[in-house]
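Undergrad: Below is the structure I would like to discuss, written out as structure tokens.
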Amino acid sequence: MSDSLNPCISCGACCAHFRVSFYWSEADDGGGVVPAELTEPLNLFMRNMRGTNARSPRCVALKGEPGGCVSCGIYENRPTPCREFARAGENGEANEACDRARARYGLPPLFAALSPSLIESYVSQGARLASDNVQSPDR
């Protein structure tokens, strides 16, 4: 998706809602690319992005305010959890974590399931299971 259409650049809620923890070697002082000065130790094997292990998490790399125009100051060097976090609706799939983070900042969900709601169900002749019945979508 083009950056101009990416809803993440006007959100940033995940960056200010979750702890971002990852294996220590993802930091540049362990051979990785995440700037070590933006991390802090979590335990012997894990680090987290500074600011995300707080009572009110906010990643030190987040630029801007959630719900406004935001960006990641280390986007090309972000850790695995950030790279793998899919926004709701990406690839046609829901992401409840994305929706939860957005709700914290008063933002609506990005994705609603595309399955129609059902209002009527008719028993088909010879149907043995409820799933064999004919259903009409809500209009």
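Undergrad: What number of residues within region 43-54 are open to solvent by less than 80 Å² (accessible area, probe 1.4 Å), touching a helix residue (DSSP H, G or I) at 6+ places or on another chain (Cβ under 9 Å) and among the aliphatic types (A, V, I, L, M)?
TA: 2
Undergrad: Taking region 84-128 as the region of interest, how many residues are modelled with pLDDT of 90 or more and in a helix (DSSP H, G or I)?
TA: 10
Undergrad: I'm checking my understanding of the structure. Among residues of region 10-41 that are among the hydrophobic types (A, V, I, L, M, F, W, C) and within 12 Å of Pro81 (Cβ to Cβ), which one is nearest to the chain's Cα centre (by Cα)?
TA: Cys14
Undergrad: Using beta carbons and a limit of 6 Å, which pairs, at least six apart or on different chains, have the first residue in region 87-103 and open to solvent by 50 Å² or more (accessible area, probe 1.4 Å) and the second one of a type outside the set (Asp, Glu)?
TA: Close Cβ pairs satisfying both conditions: Ala94/Ala88; Ala94/Phe111.
Undergrad: Conditions first: (1) open to solvent by less than 30 Å² (accessible area, probe 1.4 Å); (2) closer than 27 Å to Leu110 by Cβ. Gly30 passes all but one, so which condition is the exception?
TA: Only one criterion in (1) open to solvent by less than 30 Å² (accessible area, probe 1.4 Å); (2) closer than 27 Å to Leu110 by Cβ is unmet by Gly30, namely (2).
Undergrad: Count, please, the residues in region 66-111 that happen to be among the hydrophobic types (A, V, I, L, M, F, W, C) and closer than 16 Å to Ser10 by Cβ.
TA: Count: 10.
Undergrad: Another question, then. Just wondering, is there one or more residues in region 60-68 that are modelled with pLDDT of 90 or more and not in a loop (DSSP other than H, G, I, E, B)?
TA: Yes, that holds for at least one residue.
Undergrad: List pairs: first in region 55-84 and open to solvent by 40 Å² or more (accessible area, probe 1.4 Å), second among the polar types (S, T, N, Q), Cβ under 6 Å, 6+ apart or cross-chain?
TA: As it stands, the answer is Lys63/Ser71, since those pairs meet every condition given.
The values are calculated or read from the model by the stated rules, or taken from the named source; none is laboratory data. Nothing here was measured: the structure is a model prediction, and the numbers come from that model. So basically every Cβ, Gly included, is an ideal-geometry build from the backbone, and we count neighbours across all protein chains shown. Note: accessible area is taken over every heavy atom of the protein model, side chains too, but ligands, DNA and RNA are not part of it. Shrake-Rupley method; radii C 1.70, N 1.55, O 1.52, S 1.80 Å.
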